[in-house]
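K.L.:
One structure is given below, represented as structure tokens, and several questions about it will come after.
Every number here is computed from the coordinates shown, using simple stated rules; none is lab data. What you see is a predicted model; the values in this text were computed from it and never measured. Cβ placement follows ideal geometry from the backbone for every residue including glycine, while neighbour counts extend to all protein chains displayed.
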Amino acid sequence: MTSVKGKSALVTGAGSGINEGINLCFAKALVAKGCNVLIADLALRPEAKEFADANSSSVVFQKCDVTSWTDLTAAMAAAEKAFGAVDIVCPGAGVFEEPFSNFWIPPGSEGSVDNEAGSRYKLLDINLTHPIRLTQMAIAHFVARKKEGTIVCIASIAGQLASLVTPMYIASKWGVSGFVRSLELLEPKHGIRVAAVAPGLVRTPLFLDHPEKLRMIDEAKDDWVTPEEVADAMVELVEKDEYVGGTILEVGHGQTRVVPLLNNPGPSGSGHTISGFGDAIDDVWQMMAGGNWTG
């Protein structure tokens with residue numbers, strides 16, 4: 001087992017994003033175990049600011065738009081300046097098919113930031129391109145210093161499933177899972193572990209700040225996974241020898257499971273159900289029939 005005590009981490013999305021609950025809890029767990037943390041995000045919500053202010057000797061904030069490679073480079077440089085080197089990198093920022101970048105609200109539609117002439121989707125820039133690019137930067141950092149390191153990405157049980165409601169989100173999480181698995185051999189060769197958590201239904205702003213998504217949840221049937229459960233699993237991915245590079249660690253409520261590459265039975269049990277997806281599919285049909293579908 002390798003302790004995080006005395007090490008330093010860079011975590012994106014721990015300040016203001018929809019994965020804030022997970023990433024902030026991860027930052028808190030690291031600091032509680034004696035690790036320094038740089039939070040890279042657009043801003044700090046009150047809870048994140050309170051945490052940073054209360055731990056100013058070990059927590060640094062760097063404003064960062066994760067879709068900007070220049071900002072990601074600056075965040076790595078800021079972490080190096082603050083801590084001397086980085087041992088743990090978590091490209092945690094993510095979005096959940098928001099109206100501003102949503103498959104069913106195509107580029108050029110009202111409210112979408114995905115410009116028809118822009119040739120890109122912001123959701124994929126945040127959820128997939130940003131972890132790929134930051135992982136490249138982290139590997140370069142570790143190799144240049146001839147040191148071991150860990151990169152913890154955030155996948156999802158969505159990376160094992162399919163859904164008409166959130167096809168780009170699904171694609172991004174399948175992409176993260178495949179990307180992480182593909183870097184398995186970095187650990188035996190260079191001591192660089194790349195792994196990911198794959199949470200189920202987590203009680204974070206991803207759902208809580210969006211009534212249209214929250215109504216898919218039936219709390220009489222669907223159990224929440226707590227951000228703390230996911231954060232604890234992320235710490236284990238860093239510290240435990242059993243979780244080698246390429247590991248996808250599924251996190252439900254009160255349960256974890258290493259997801260096999262082949263013959264995977266899929267997620268099941270507490271924390272892995274969303275009972276209201278049927279109603280959300282009806283919403284898709286309405287959007288397509290509403291006269292605004294431009295495709």
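K.L.:
Using unit Cβ charges (K, R positive; D, E negative) and no other charged atoms, how large, in debye to the nearest 20, is the dipole of the chain about its Cα centre?
P.N.:
The calculation lands at about 1140 debye.
K.L.:
May I pose another question? So which residue, out of 257, 45, 145, gets the largest mean-square fluctuation from a GNM of the chain using Cα contacts under 10 Å as springs?
P.N.:
Most flexible of the set in this elastic network: 145.
K.L.:
Can you give the calculated 222 nm mean residue ellipticity of the chain, where each DSSP H run of n ≥ 4 adds -39,500 (n - 2.57) and the sum is split over every residue, rounded to the nearest 500 deg cm²/dmol?
P.N.:
Only helices count here, giving -11000 deg cm²/dmol.
K.L.:
Which distance in Å, rounded to a whole number, links the C-alpha centroids of the range 33-48 and the range 162-187?
P.N.:
25 Å
K.L.:
Roughly what angle does helix 130-144 make with the longest principal axis of the chain, taking Cα atoms, 0 to 90 degrees, to the nearest 10?
P.N.:
10 degrees
K.L.:
What would the Debye equation give as log₁₀ I(q)/I(0) for the range 18-134 at q = 0.13, 0.18, 0.21, 0.23 Å⁻¹, counting only Cα atoms as equal point scatterers?
P.N.:
-0.56, -0.94, -1.16, -1.32
K.L.:
Among 229, 110, 98, which one moves the most in a GNM of the chain with springs linking Cα atoms closer than 10 Å?
P.N.:
110
K.L.:
I'd like to compare 264-277, 120-133: which one has the highest average count of other Cβ atoms within 10 Å, and what's the full order after that?
P.N.:
120-133, 264-277
K.L.:
Looking at the chain as a GNM with Cα springs under 10 Å, which of 252, 278, 175 has the largest mean-square fluctuation?
P.N.:
Maximum among the listed residues: 278.
K.L.:
If N is the number of residues in the range 240-295, what value comes out of its Cα radius of gyration divided by 2.2 N^0.38 Å?
P.N.:
Cα Rg divided by the expected 2.2 N^0.38 Å: 1.78.
K.L.:
Okay, moving on. For the range 8-289, count the residues as N, evaluate 2.2 N^0.38 Å, and divide the Cα radius of gyration by that value, please.
P.N.:
Dividing the Cα Rg of the range 8-289 by 2.2 N^0.38 Å gives 0.97.
K.L.:
Report the rotationally averaged projected area of the range 46-88 based on its alpha-carbon convex hull, in square nanometres.
P.N.:
With the hull built on Cα positions only, its mean projection is 3.5 nm².
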